[in-house]
Amino acid sequence: MRGGVIARLREIVGDAGCLVRPGELFAYECDGLTLSPKRPLAVVLPTTTEQVAAIVRACREAGVAFVPRGAGTGLSGGAHATENSILIECSRMNRILEVDAENRCAVVQPGVVNAELSAAVASLGLFYAPDPSSQQACTIGGNVAENSGGPHTLKYGTTTNHVLALELVLPDGSVERFGSRSGESQGFDFVGAIVGSEGTLGIVTEVTVRLTPIPKAVETLLVLFDDVVGACRAVGRVIRSGVVPAALEIVDRRTIEAVEASVYAAGLPLTAGAVLIVELDGLPVSLAGEIAAIRAACEAERCQAIEIARDEAERKRFWRARKGAFGAMGRLAPDLYVHDAVVPRMRLPAVLEQVCEICDRYGLKLANVFHAGDGNLHPNICFDRRDPDELARVMAAGKEILEACVAAGGVITGEHGVGVEKRDYMHLVFGEADLAAMRRLRDTFNPDGACNPGKIIPTTRFCVESDPKARGYDAVPIA
Amino acid sequence: MSPPVESSRERIEIPGGFVEAVDRPTDVEALSALLAERHARSEAVLVVGGRTRLAQANRAEKLAAAISLEALAGIDVFEPDEGVVHARAGTPIRALREAVAAEGWELPLDPPGAATTVGGTIASAAVGPRAQVFGRVADAVLGLELVGADGAVTKCGGRVVKNVTGYDMAKLYTGSFGTLGVVTGAWLRLRPKPAARVVLGGRVARDAATFEAARIAARATTVRAFVWSESPTGSAAYGAGTGSGRSASDAAEDSAELVVELGGGEAAVAQDREALVRAFSLIPADPLAVDRLGDGRAQAASAAAIGLRARVVPTQLDALRQATLAAGLSVSIDLGAGVLTARGGESSGAEGAGSLRIGARESGGASPGAGELARKLLALREQTVASGGVLRFDWLPAALAERIDVFGEEPGTRALVVSLKQRFDPRRILNPGRFVAGT
Ligand SMILES: Cc1cc2nc3c(=O)[nH]c(=O)nc-3n(C[C@H](O)[C@H](O)[C@H](O)COP(=O)(O)OP(=O)(O)OC[C@H]3O[C@@H](n4cnc5c(N)ncnc54)[C@H](O)[C@@H]3O)c2cc1C
Ligand SMILES: Cc1cc2nc3c(=O)[nH]c(=O)nc-3n(C[C@H](O)[C@H](O)[C@H](O)COP(=O)(O)OP(=O)(O)OC[C@H]3O[C@@H](n4cnc5c(N)ncnc54)[C@H](O)[C@@H]3O)c2cc1C
């Protein structure tokens, strides 16, 4: 039967679009979450919606599950294959189909790389606002599936605020369109429900996105603090001041050290315990007043120094400290566990102290670089997976960090998604009835779970499905 | 101590039916018990909030009673340092706006109607004239609590401003008109109140060139609302009371009315204000003009009234405006958001269903029948959908309600809609028949 489905897939996408050799499949065993890799049966690389639909139907006929994938930069294992499943990689569906500058929208295929879309419309004075730090590689399809954010989410919102309409290949192989160019739907907001569904409701094959005018003026500030708690307090003051910066990002001392020792070196003083990057944009006439408000907020928290970027080169240098952080941290240890959780912004100082305490207690090296304005923490734990004891401590500390965030009124992921990584932590936030509602949504689109099985929703002993056979695909153990 | 459910005899008429009893649970447990009981007996209920928009619905299936959220009201948590608020479903939007404004925040929801509630606004995804800066209702919703059809108490989302923990269920519930669950409370995101706010008004020529100029002007950074109102004859359509210094006769004939609200930093507002005054000869208007206009255009003046709301991409707005006027309806257009509201038929209330009329153009001649009117209105919807938009009716006279689906339907989604409703409300006890595709 397996041979049959692969022959059928070859008919659909051609030999070059169907990878089956172990050497070819190696790179597809995991995404950005490198723990617990799984090898797919095959990887198919469609170029059209019709091919995706045909692939899905072929998988159904053969009774194999299928998993959509973009660039594989996801950090929660959303694009991990399960045993005997087919990965449908959308990277070759990478055409920008239409740019409607007057109505400020574009129609794109899911494999278009995030940064390439902004580059393509820049000459029209427009950009695509969601800017995950992985934007040079990640795809719009992956962004839609994860409802990705980025440093500029504070002012511009996440992916969901920028998706107007979608085309979806449903898990039964049918093709439907949702939403409209106006941004509204007739009836239920299926677009809103599909964004952030991590590829479990179907395969997105076309996206109509909103484009945003490039702001007329931008000011970038680099503020140095003694410690990360002081920087967090300043963030609280900025939020209360009524100014909405485009970005409010914090980089802590350990991250600064890593960045300064790497190719991303931004000339940051190693005397600072934390750096706050503030970006303001809008009308030139508004920015002077906003800078004054930021200055006041930071000085009230006794910042060490405030620098304002004098030109584009300096602005880029400030951002290098932020954007190069993950790459630079590769220097600290062989492995990096990138956590992602959110707390109410005014609880940031207290929660960060707790996070440090947890990592100290487990004897782990922690570095923080995060979207402070959104309360979105990224505690990054440096470790070596070859040391099983350290790996166990990383996992235990991770769970405690999530518990601390939830106890502070927060949630377990702000942008990286649940995937397989946090599936079994969903109970920290949601009760059985809440999860049952999510299951109803999934089952509406994906009743037997064949599309991206085992993601997001934990399987529970308590949950008696109306048709126990129907959940066959989820029975496959994940880790 | 007050009983957990207050009940009264009261008649509420809605499209396709009526109820004669209203239950008002005073806490979530009472609502849960009430729904569990209705569920067990398969008795359907009408969910009501401020009752400002119960008429906006398809014909209901048989209903046993109404459940009103008005006793579940109040602000539970307001954190001025965080910019979020938690309110119960029955809280009037206006009261909430005032409460947060006192601390320098603004609730990014401005649906019309003094009685409009938090729950009703979320259920109907109702936006007001500031949609171009406030965005959609769902953008303000961080988390929701609901009671499901079977009485199960659930929540989704959270209280933080960024969250991808599981499916974004709040999107599904927002705008679902109470067909998947009853909203009992919401965490809402606030925005800083603008430092300066200016309201301008005036009348301008109602030609395509002026309309286009206004549409472009509405994109200026500090514009919060930019409303163009116009009747088929050019007489005053909505009377926002812009406080124009011109005489009434001057204003009445053959012009469109503009109401503009600017907000932001002092300097930026002053800059935009100057440009607008120069371009359209606008003058200062009543600070409440935008909200009053929002209210005014949403009031059905008679039983024969027709009201609709469409949203299209900016470049299609003028075509839709012209088609709507040609159909005999007055329009009020939020230029920045691309939202057109239209109404007509006010003068025909006393006449029977067979002689419905809309607009002044037809008032002299023979009245078209309901069938012809329905065709005209459906053609408007077709045009809107074909140009990448949506159109729903706010209210329809009985003769048209039989022929027109209030919400329309995304082609191809019916099976999903039916399946979704079946999974959330298998016994069809929540607002059955009232929403899209028979849900
Ligand atoms: C260095 C680094 C920095 C990062 N920074 C950020 C950040 O700032 N903000 C942020 O939000 N994330 C960030 N991420 C996470 C990641 O880049 C995002 O989640 C991104 O959106 C994933 O896109 P992708 O194309 O790589 O998708 P993949 O990883 O391939 O897939 C992600 C999920 O999307 C699904 N999927 C992919 N394509 C489709 C499709 N066409 N239809 C349906 N489902 C699909 C998959 O099944 C999977 O569940 C970062 C990752 C790295 C490695
Ligand atoms: C003067 C006026 C102007 C308007 N203009 C506009 C406009 O321009 N644009 C626009 O979009 N809307 C407009 N509306 C619609 C109106 O603003 C919204 O529908 C309103 O927010 C409904 O609030 P309500 O509390 O009165 O709800 P109700 O009228 O009581 O209920 C409205 C719908 O929501 C359901 N519902 C109510 N509460 C709940 C709950 N807690 N849980 C689940 N379901 C619930 C009801 O079953 C019903 O279907 C206007 C209304 C008025 C009165």
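Quick look at the numbers
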{"item": "B:Gly158 being among the small types (Gly, Ala, Ser), within 7 Å of chain A (Cβ to nearest Cβ) and within 16 Å of ligand 1 (Cβ to nearest atom)", "result": "no"}
{"item": "Test result for A:Arg385, in the same structural domain as A:Ala261 (by TED's automatic domain parsing), touching a residue at least 40 places away in the same chain (Cβ under 8 Å) and surrounded by fewer than 22 Cβ atoms within 10 Å (Cβ to Cβ)", "result": "no"}
{"item": "Selection within the stretch A:137-151 - more than 6 Å from ligand 1 (Cβ to nearest atom), modelled with pLDDT of 95 or more and not β-branched (Val, Ile, Thr)", "result": "A:Ala137, A:Asn147"}
{"item": "Residue check for B:Ala89: within 13 Å of ligand 2 (Cβ to nearest atom) and buried (at least 24 other Cβ atoms within 10 Å of the Cβ)", "result": "yes"}
{"item": "Those residues of the stretch A:92-112 which are under 30 Å from A:Gly454 (Cβ atoms), more than 8 Å from ligand 1 (Cβ to nearest atom) and either surrounded by fewer than 24 Cβ atoms within 10 Å (Cβ to Cβ) or in contact (Cβ under 8 Å) with a residue 60 or more places away in the chain (or both), in sequence order", "result": "A:Arg92, A:Asn94, A:Val108, A:Gln109"}
{"item": "Cross-chain or 6+ apart pairs with Cβ under 8 Å, the stretch A:1-16 first and at negative phi, then at pLDDT 95 or above and among the polar types (S, T, N, Q)", "result": "A:Ile12/A:Gln51; A:Val13/A:Thr47; A:Val13/A:Gln51"}
{"item": "Criterion: modelled with pLDDT of 95 or more and either within 30 Å of B:Pro397 (Cβ to Cβ) or within 25 Å of the chain's Cα centre (by Cα) (or both) - qualifying residue of B:Gly50, B:Gly74, B:Gly104, B:Gly17", "result": "B:Gly74"}
{"item": "First in the stretch B:278-307 and away from every other protein chain (no Cβ under 14 Å), second anywhere and assigned to a helix (DSSP H, G or I) and within 15 Å of ligand 2 (Cβ to nearest atom), Cβ under 6 Å, 6 or more apart", "result": "B:Ala301/B:Glu346; B:Ser302/B:Glu346; B:Ala305/B:Glu346"}
{"item": "Number of the condition not met by B:Glu212 [criteria: (1) touching a strand residue (DSSP E or B) at 6+ places or on another chain (Cβ under 9 Å); (2) at pLDDT 65 or above; (3) surrounded by fewer than 16 Cβ atoms within 10 Å (Cβ to Cβ)]", "result": "(1)"}
{"item": "Single residue of B:Ala30, B:Ala66 found to be surrounded by fewer than 21 Cβ atoms within 10 Å (Cβ to Cβ), among the small types (Gly, Ala, Ser) and in contact (Cβ under 8 Å) with a residue 24 or more places away in the chain", "result": "B:Ala30"}
{"item": "The one condition in (1) away from chain B (no Cβ under 12 Å); (2) in contact with a helix residue (DSSP H, G or I) (Cβ under 9 Å, 6 or more places away or on another chain) that A:Gly150 fails to fulfil", "result": "(1)"}
{"item": "Members of the stretch B:393-423 found to be touching a strand residue (DSSP E or B) at 6+ places or on another chain (Cβ under 8 Å) and within 7 Å of chain A (Cβ to nearest Cβ), listed by number", "result": "B:Phe407, B:Gly408, B:Glu410, B:Gly412, B:Thr413, B:Leu416"}
{"item": "Of all residues making up the stretch B:290-309, the number that are assigned to a strand (DSSP E or B) and away from ligand 2 (no atom under 11 Å from the Cβ)", "result": "1"}
{"item": "Which numbered condition B:Ser347 fails, given (1) assigned to a helix (DSSP H, G or I); (2) at pLDDT 85 or above; (3) not aliphatic (A, V, I, L, M)", "result": "(2)"}
{"item": "Residue within the stretch A:175-184 that is within 11 Å of ligand 1 (Cβ to nearest atom) and among the acidic types (Asp, Glu) present", "result": "no"}
{"item": "Residues satisfying the stated conditions in the stretch A:78-126, i.e. under 21 Å from A:Pro68 (Cβ atoms) and of a type in the set (D, E, K, R)", "result": "A:Glu83, A:Glu89, A:Arg92, A:Arg95, A:Glu116"}
{"item": "Number of the condition not met by B:Val84 [criteria: (1) β-branched (Val, Ile, Thr); (2) within 21 Å of B:Phe435 (Cβ to Cβ); (3) assigned by TED's automatic domain parsing to the domain that holds B:Pro111]", "result": "(2)"}
{"item": "Sole exception among (1) over 18 Å from A:Thr73 (Cβ atoms); (2) modelled with pLDDT of 95 or more for A:Ser185, by number", "result": "(2)"}
{"item": "Residue among A:Val175, A:Val107, A:Val195, A:Val207 that alone is under 19 Å from the mean Cα position of the chain (by Cα) and within 11 Å of chain B (Cβ to nearest Cβ)", "result": "A:Val195"}
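Residues are listed down the side, and each one gets a yes or a no for (1) surrounded by fewer than 18 Cβ atoms within 10 Å (Cβ to Cβ); (2) of a type outside the set (Lys, Arg); (3) touching a Gly at 6+ places or on another chain (Cβ under 9 Å); (4) at pLDDT below 90:
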| residue | (1), (2), (3), (4) |
| --- | --- |
| A:Ile306 | yes, yes, no, no |
| A:Ala325 | no, yes, no, yes |
| A:Arg345 | no, no, yes, no |
| A:Cys356 | yes, yes, no, no |
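The values are calculated or read from the model by the stated rules, or taken from the named source; none is laboratory data. Please read all numbers here as calculations on a predicted model, not as lab measurements. Neighbour counts are summed over all protein chains in view; Cβ atoms, including those assigned to glycine, are modelled from backbone coordinates with ideal geometry.
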